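Accompanying notes for the structure given below.
The values are calculated or read from the model by the stated rules, or taken from the named source; none is laboratory data. Since the structure is predicted, the reported quantities are computational estimates derived from the model, not experimental observations. Cβ placement follows ideal geometry from the backbone for every residue including glycine, while neighbour counts extend to all protein chains displayed. Quick note on the areas: whole protein, heavy atoms, side chains included, nothing else; ligands and nucleic acids left out. Shrake-Rupley method; radii C 1.70, N 1.55, O 1.52, S 1.80 Å.
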Amino acid sequence: MPVNTAPAWVLPLMRIMRNETEGDLARAWRELPHHVPEGTALPTVHEAAQVLVRFGLA
């Protein structure tokens, strides 16, 4: 995946944080599987942290 392309789970995670969990990343992380299409590959916590940091989201 190109470095400047966000994985499919990033936008849903950001929406959950903004609209449902008042910025609580841990709660948003737990809700994420319910907000992505079935079969969407979810990252490990370590992979997610790397992506969020790379995009300046965490």
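Remark: relative contact order (the chain) = 31 percent; criterion is Cα-Cα distance under 8 angstrom and separation of 6 or more residues. The label-point distance for residue 24 and residue 55, in a model that sets each label 7 Å from Cα toward Cβ, rounds to 2.2 nm. Summed over the residues of the chain and divided among them, the accessible surface reaches 71 Å² per residue at a probe radius of 1.4 Å.
As an equivalent ellipsoid, the chain spans semi-axes of 17, 14, 10 angstrom, where each value is the square root of five times an eigenvalue of the C-alpha gyration tensor, largest first.
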